[in-house]
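One structure below.
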Amino acid sequence: MSASVSMPLGGVQVGSYENYEQAQRAVDFLSDEKFPVENVTIIGTDLRMVERVTGRLSWGRAIAAGAASGAWFGLFVGLLLGIFAADGGGWIGSVLTGLLIGLVFGAVFGAVGYSTSRGQRDFTSTSKVVASRYDVMCAPQHAEQARAELAKLSLRG
């Protein structure tokens, strides 16, 4: 295993937390107390990927999502082209044309993408990588000071 984290070898654990927000709060507290936080690293251990299913994917949702993303892209292109329009009417025409063309092409690409999946993934989801524990590590020469500061934080509650 390579040591790609910028923590010096032999870093010392000065705190362990159940979630990232708690570890981040601890490091923020150290920073507020003028501790040299450049000597601190947060390391997540026992990583796992959590995928939360948000809904069923159907033809209608696939086409609507494609149309929406295509409309945004078309609006962007229409605005860029509208910059070069000679008059105000040409600008609005460019924006509306870009929006409509983007909407149509987005809907088509959404339908094509859904049809190629052939029912393999008929749901939408979000995913993130989480750790079961977050350790705050510190360079050995500052570890005792970090522990003392974090003890103050734990007394606060």
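The values are calculated or read from the model by the stated rules, or taken from the named source; none is laboratory data. From a predicted model like this one, the values you see are computed outputs, not experimental measurements. We place every Cβ from the backbone using ideal geometry, glycine too, and count neighbours over all the protein chains shown. Heads up: the accessible areas ignore ligands, DNA and RNA and are worked out on the full protein's heavy atoms, side chains in. Shrake-Rupley method; radii C 1.70, N 1.55, O 1.52, S 1.80 Å.
When residues in the range 114-126 are screened for being surrounded by fewer than 13 Cβ atoms within 10 Å (Cβ to Cβ) and part of a strand (DSSP E or B), 3 of them pass.
Tallying residues that are open to solvent by 50 Å² or more (accessible area, probe 1.4 Å) and in contact with a helix residue (DSSP H, G or I) (Cβ under 6 Å, 6 or more places away or on another chain) within the range 32-41 yields 1. If you go through the range 135-157 and keep only what is open to solvent by 30 Å² or more (accessible area, probe 1.4 Å) and in contact with a Gly (Cβ under 9 Å, 6 or more places away or on another chain), you end up with Met137, Pro140, Arg147, Ser154.
For Val129, the stated conditions hold: it is among the hydrophobic types (A, V, I, L, M, F, W, C), touching a strand residue (DSSP E or B) at 6+ places or on another chain (Cβ under 8 Å) and open to solvent by 30 Å² or more (accessible area, probe 1.4 Å).
Within the range 14-31, take every residue that is within 13 Å of Glu149 (Cα to Cα) and touching a strand residue (DSSP E or B) at 6+ places or on another chain (Cβ under 7 Å) and give me the one that is surrounded by the fewest Cβ atoms within 10 Å (Cβ to Cβ). Only one residue fits best here, namely Val27.
For every residue, the table says whether it meets (1) of a type outside the set (Gly, Ala, Ser); (2) out of contact with any Leu (no Cβ under 9 Å at 6 or more places or on another chain); (3) farther than 30 Å from Val37 by Cβ.
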| position | (1), (2), (3) |
| --- | --- |
| Trp59 | yes, yes, yes |
| Ile63 | yes, yes, yes |
| Leu75 | yes, no, yes |
| Ala85 | no, yes, yes |
| Gly98 | no, no, yes |
| Val104 | yes, yes, yes |
| Gln141 | yes, yes, no |
| Arg147 | yes, yes, no |
